[in-house]
Every structure is written in C-alpha cells, then in structure tokens.
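Shown next, in structure tokens, is the structure this report addresses.
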C-alpha cells in the first residue's frame, strides 16, 4: 500500500512539471496569447468661450474656444493621439496650460483684479445711464476705486512681483499646442458646424478613430439682472446712499394706487430676513408697494421674497407682476394686466415668523414691469426681495 501511494506521489509531481514546462517562456509560441485588444478612443469637450457686449447689446468681442480632452480604454499601453478638424481654416490651437497660468496671475493680484472689475463694471454702465445723478455717483465711485487701485499697485510685495514675473515667463515659454496633444484648446473662427476627429494608436500599432459634429453657436449678450431699489427696505440703500427704505416703492400717484406701506424696524440683525427694516402693511389694506423695474423681452425671471402675517383673524398678502399698461390700482387687478401673482394667507402661520416665496414670470414683449405689493385682513410684512434670470 505504501509503495502504491509513493508511485502516485511521483506521478502527480511529474504531471505538474510537464504542465509548468508548457507555459515556459523558453518554449516559443507555447502558452503566450496574442494581445488582440485595440484602443477605443473617445473625447470630452468643455465650452470655455467668452464674449463682451456693450450696454446696447452690441458685440465688442467673442472668442469661441473649447477645451478638448482625449481618452481611450487603454490603461497601461502607451498611446498616441491625432486630432483632425474640418473645416480647419481659421482654427487655432491653444496650450491647455495657458488659462491656468493666467488664473494663477490673477490669484497673485487678487486685490488689484477685484478693483479693476469694480471700475470696469461702472464704466460699462455710464454710456447707457440717462440719470445724471446716477452718472455722477458712478464717476465718483470710479475715482475712489482708482485711488484704491493705485495704492494696491504701489503696495505689491517683492515676492508677489517675482511670482507674477515667473508666471509670465512660463507663459512666454509654453510649447505651442499641437494636434498630437492629448488635451488642448481649439479656438474656432466663428459660429458653425465643425467635424472634430480623434485617432488613438497604442504601442503595438493598433488604432481606431472617432468623430463628433461640434456646433458653435453665435455669442449672445448675457441677460442683465434687473435692479430692485431698496429690496430689503433699509435706510440709506439707494444708489447715492440715501433713502428711507420706501422711496423706490412709492407709486406715481397715491390717489390712483394708494399710500406707500409703513416700515417695521428691529434693533438687532437676524430678527428679520435681511437688515433692520421690513415693509409693514396695516390690516385695513390701504397701503401698497409699487416699483417699476426694467426687464429684457423674452427673458424669464424668478422673484423671491419673505412674508410674515399676524394670525388673530384671516388675512393674506399678495405680490404681483403687473404690465405697465395699468395706470391705477383697479386696472392692475384686471387679468389682462397681471403677468404673474402670488397670494399667501395666514392659515397655519406663526406670528413674526417669515416664510420665503418665489414667483416665476416671463417678460414677454415687456421692457419693464411693475412689482405690486398689497394685503388684506391682517397686518402683513414683506422683506428681502431678490430677482434672478432663469437659465
């Protein structure tokens, strides 16, 4: 029996050695499987275009730039990339590191860049501002920011100046982008359809190709966000530092629209949604808020605000967006003149607790609309109005 087991042991050992020999690298074409996996190319693109328009929506400049980043299924094998683009006339290539280096310079000069933006923002408004008082305020603010800018520039440390110089040297020494770069920026000459192809080749010489039709759209002006005067009803918040919190909300005729609302004041921050004051509407419903704001035809907006209502009896408060065709409070109640409206009552509400609301409305063909504030039944308060463009 022992002899029989001994023989089985050596039979098994011999079998193992034979199988091992079959996969030895010393035996040509035995145990080696050919790598038949080729590359599967793909790429991602990100729109990094920029444009500039004046306050009359006239295009001043437009850069149609897209960041392209190639990839494939190959995690280990070396790869080569080859981009193609049709039509190629006027298309230029930008090194992917250029925007990063420019952003690094802006970070080094953060205070200066911020001041320059504040100056540019006001210079942008002046040519289209018809109110001479507002122009005077803008010019005074520009002069103040320019003085701050000169101080900031004079206060730059030697370290910051050297860092900026080093970054500028890196920009000057950047290698030109090529169609063989895995990641680069294409700058297109203008709107249109372009076929962008990518060929990926691995280190075994296998390759594959993919392409996409990339549509470059015409640059359009950014829709400006309307300005709401005294949106939180605090004193001194008009453009020139004046205002009692209600001046922007007075109707052109109190006999046709009603008297302006009262003001509710708190001595500490944090009690009201924003600031120290809120608009107060007595229970008799005789007070209103009226403000005309400019809008862009065709745009959609979201108006947000906070309300609070007493709960001693039933009452409500209404915020409406009214067409400027309405010239009286009665006309503002006509369905033809109401663009959007929201009424909130005090059912389930708690005294002195503000709740946030939103109204979405379309400007349609209107270049301006009226924000109208009314109430009935109980005292109500409104605060912290804000408006945004719905994308």
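The values are calculated or read from the model by the stated rules, or taken from the named source; none is laboratory data. Because the structure is predicted, anything quoted here is derived from the model rather than measured. Don't worry about glycine lacking a Cβ; one is built from the backbone with ideal geometry, like all the others, and counts go over all protein chains shown.
Annotation for the range 366-382: at least one member residue is in the same structural domain as residue 321 (by TED's automatic domain parsing), within 26 Å of the chain's Cα centre (by Cα) and surrounded by fewer than 16 Cβ atoms within 10 Å (Cβ to Cβ). Can you find a residue that is touching a residue at least 12 places away in the same chain (Cβ under 8 Å) and either over 29 Å from the mean Cα position of the chain (by Cα) or over 30 Å from residue 130 (Cα atoms) (or both) anywhere in the range 296-305? Looking for residues that are touching a residue at least 12 places away in the same chain (Cβ under 8 Å) and either over 29 Å from the mean Cα position of the chain (by Cα) or over 30 Å from residue 130 (Cα atoms) (or both), one finds none in the range 296-305, hence no.
Of all positions in the range 318-334, none carries a residue that is at positive phi, surrounded by 16 or more Cβ atoms within 10 Å (Cβ to Cβ) and assigned to a loop (DSSP other than H, G, I, E, B).
Among residues of the range 136-163 that are in contact (Cβ under 8 Å) with a residue 24 or more places away in the chain, none has a Cβ under 6 angstrom from a residue that is exposed (fewer than 11 other Cβ atoms within 10 Å of the Cβ) at a sequence gap of 6+ or on a separate chain.
Of all residues in the range 125-173, those satisfying the criterion of being closer than 30 Å to residue 69 by Cα and under 30 Å from the mean Cα position of the chain (by Cα) are 163, 164, 167, 168, 170, 171.
Within the range 275-284, how many residues turn out to be in contact (Cβ under 8 Å) with a residue 40 or more places away in the chain and either surrounded by fewer than 18 Cβ atoms within 10 Å (Cβ to Cβ) or not assigned by TED's automatic domain parsing to the domain that holds residue 373 (or both)? Walk me through how you get there before you give the answer.
Looking only at the range 275-284, we keep the residues that are in contact (Cβ under 8 Å) with a residue 40 or more places away in the chain, and these are 275-283.
Next, from what is left, pick out any that are either surrounded by fewer than 18 Cβ atoms within 10 Å (Cβ to Cβ) or not assigned by TED's automatic domain parsing to the domain that holds residue 373 (or both): 282-283.
So the answer is 2.
Only one entry in 245, 190 is surrounded by 14 or more Cβ atoms within 10 Å (Cβ to Cβ) and either modelled with pLDDT of 95 or more or assigned to a loop (DSSP other than H, G, I, E, B) (or both), namely 245. In the range 260-272, the condition of being in contact (Cβ under 8 Å) with a residue 24 or more places away in the chain, out of contact with any helix residue (DSSP H, G or I) (no Cβ under 9 Å at 6 or more places or on another chain) and not in a strand (DSSP E or B) is met by at least one residue. Of all residues in the range 172-207, those that are touching a strand residue (DSSP E or B) at 6+ places or on another chain (Cβ under 9 Å) and closer than 30 Å to residue 107 by Cβ total 13. Among the listed residues 240, 234, 274, identify the single one that is under 33 Å from the mean Cα position of the chain (by Cα) and at pLDDT below 95. After applying the criteria, what remains is 240.
Table: residues versus (1) closer than 25 Å to residue 222 by Cα; (2) free of Cβ contacts under 8 Å to residues at least 12 places away in the same chain; (3) in contact with a strand residue (DSSP E or B) (Cβ under 6 Å, 6 or more places away or on another chain); (4) surrounded by fewer than 17 Cβ atoms within 10 Å (Cβ to Cβ).
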| position | (1), (2), (3), (4) |
| --- | --- |
| 59 | yes, no, yes, yes |
| 63 | yes, no, yes, yes |
| 66 | yes, no, yes, no |
| 74 | no, no, yes, no |
| 85 | no, no, yes, no |
| 89 | no, no, no, yes |
| 121 | yes, yes, no, yes |
| 124 | yes, no, no, yes |
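Hey, any hits in the range 95-114 for a residue that's more than 28 Å from the chain's Cα centre (by Cα), surrounded by fewer than 17 Cβ atoms within 10 Å (Cβ to Cβ) and at pLDDT 95 or above? No, every residue in the range 95-114 fails to be more than 28 Å from the chain's Cα centre (by Cα), surrounded by fewer than 17 Cβ atoms within 10 Å (Cβ to Cβ) and at pLDDT 95 or above. Please go through the range 368-391 and give me each residue that is modelled with pLDDT of 95 or more and in a loop (DSSP other than H, G, I, E, B), ordered by number. 377, 378, 379, listed by residue number.
Among the residues making up the range 25-56, those that are surrounded by fewer than 10 Cβ atoms within 10 Å (Cβ to Cβ), at negative phi and either touching a helix residue (DSSP H, G or I) at 6+ places or on another chain (Cβ under 6 Å) or at pLDDT below 80 (or both) are 25, 26, 28, 33, 34, 36.
Please verify whether residue 223 is modelled with pLDDT under 95, closer than 30 Å to residue 289 by Cα, assigned to a loop (DSSP other than H, G, I, E, B) and touching a strand residue (DSSP E or B) at 6+ places or on another chain (Cβ under 7 Å), treating the condition exactly as stated. Against the criterion (modelled with pLDDT under 95, closer than 30 Å to residue 289 by Cα, assigned to a loop (DSSP other than H, G, I, E, B) and touching a strand residue (DSSP E or B) at 6+ places or on another chain (Cβ under 7 Å)), residue 223 qualifies.
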